[in-house]
Amino acid sequence: MGPSALGDVCDHDRMATQTPGEAGPRDARTDAVVRQLQALGAEMADLARRFGAAHDLDHSAARALLVLVAAAREGRDVTAGTIGRELGLSSASVTALVDRLVASGHLRREPDPHDRRRVLVRLEPSAVALGPAYFGPLATDMATRLEGFDERELDAVGRFLSTALEAVIAHRERDEAARG
């Protein structure tokens, strides 16, 4: 989305619009924010697709790596069952997924040192390096752009993103419940 398109999206003086199939009327400012969020989501989904294609990872494999990266940051152990729950995959599907990621050199299985019955799934160092190598320039660019925001604005952005994430998770959970 170029600068002129962004300017069009941010035109708060226009009337709120409603596309067929959208829920309820919104004011023009809320409409502009929602459209920007939709555009950001589409761009991020495309980046994720490109990342997967560049590393021969399907959507589930890329998401599994993200689960493992987040768990490593938080100091949590991960089993195949953990990945299955977080990705909504059956036991057979997650076993096949982990097998593929082990065979491709992204993961390894190792016994849990505290419970011999459990098998932990760990990232290989080469897999840990994939994300920063691909997304590092984006993170640097975002950090640079955020330098122009003061503390109050950053707090508002953080609150908004938390709220947006909560809404997306709630929608996913409703969808999952409806599908059984």
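What follows draws every value from the coordinates through simple rules; no lab data is involved. Source: prediction; values computed, not measured. Backbone-built Cβ (ideal geometry, glycine too); neighbour counts: all protein chains shown.
Using alpha carbons only, how many angstrom separate the centre of the range 36-51 from the centre of the range 109-163? The distance from the Cα centre of the range 36-51 to that of the range 109-163 comes to 17 Å.
How much length is gained on full extension from GLU43 to MET142, taking 0.36 nm per residue of separation minus their Cα-Cα distance?
Numbers: separation 99, 0.36 × 99 = 35.64 nm, distance 1.40 nm.
Length gained between GLU43 and MET142: 34.2 nm.
What is the order of LEU130, LEU101, fewest Cβ neighbours within 10 Å to most? Walk me through the intermediate numbers first.
Working: LEU130 19, LEU101 23.
Taking fewest neighbouring Cβ atoms as first place, the list is LEU130, LEU101.
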